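**Q** Structure in structure tokens, see below.
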Amino acid sequence: MRSALHDSLTGKAKRWLTGKMTLRGLCWATEVSTGPDYVADAIGLGCLQGRFAEFYLGGRYKEVTFVFDSKVTLSDYQNSKPAKGITVGNLHWIVAPKGIFIRDQLVDPWGLLEISGIGLREVKKAMYVAGTDDEIYRIAYSILWANRHEGRRQRRKNLRDSIKRWKYA
């Protein structure tokens, strides 16, 4: 079950990544199923700005998939796909509270983002994993599908809240 800390880590990951994107924008979704037995906490799709493209991609400008897994405890990580080095996108990060992980505990190509003040700090750089266009299209489809369902959930919640306000007004 997700906790408030888990959701906070995922939100911080989005803010951390948004500042590194080009004006083309970022497509983003949470709790995205990317295969029969893996659900990423968050996935983004977009293009990195110049210096970040140089840092992560060696200067290549292309659509990149970003995968984030929020881990609140070490045992949460040890039983997960990232611990086995399984990848589903181009760049992958574990997002965790400070002090839970030692950078050497993570298998390549996964990077590590830790809470630092109100944001995140990259403790271990994620390594780029080349993928095919088919993989990018599959992930883009998953993002669109997740956003569609998230929109439905949000509309239902808004409707419930409106009914409550009407009932008790």
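The values are calculated or read from the model by the stated rules, or taken from the named source; none is laboratory data. All values reported here derive from a predicted model rather than from experimental measurement. Here the Cβ positions follow ideal geometry from the backbone for every residue, glycine too, while neighbour counts run over all protein chains shown.
**Q** Among (1) buried (at least 20 other Cβ atoms within 10 Å of the Cβ); (2) modelled with pLDDT of 90 or more, which single condition is Lys125 missing?
**A** Looking at each condition in turn, Lys125 falls short on (1).
**Q** Any residue in region 104-115 that is under 12 Å from Ser70 (Cβ atoms) and among the charged types (D, E, K, R) sitting within a Cβ distance under 6 Å of a residue that is at pLDDT 90 or above and assigned to a loop (DSSP other than H, G, I, E, B)? List the pairs, counting only those 6 or more apart or interchain.
**A** Glu114/Lys98
**Q** When you go through (1) surrounded by 17 or more Cβ atoms within 10 Å (Cβ to Cβ); (2) in contact with a Leu (Cβ under 7 Å, 6 or more places away or on another chain); (3) at pLDDT below 85 one by one for Arg103, which number turns out not to apply?
**A** (1)
The rows are residues; the columns are (1) over 15 Å from the mean Cα position of the chain (by Cα); (2) on the phi > 0 side of the Ramachandran plot.
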residue	(1), (2)
Arg51	yes, no
Phe55	yes, no
Gly58	yes, yes
Tyr61	yes, no
Phe68	no, no
Gln78	yes, no
Pro82	no, no
Gly85	yes, yes
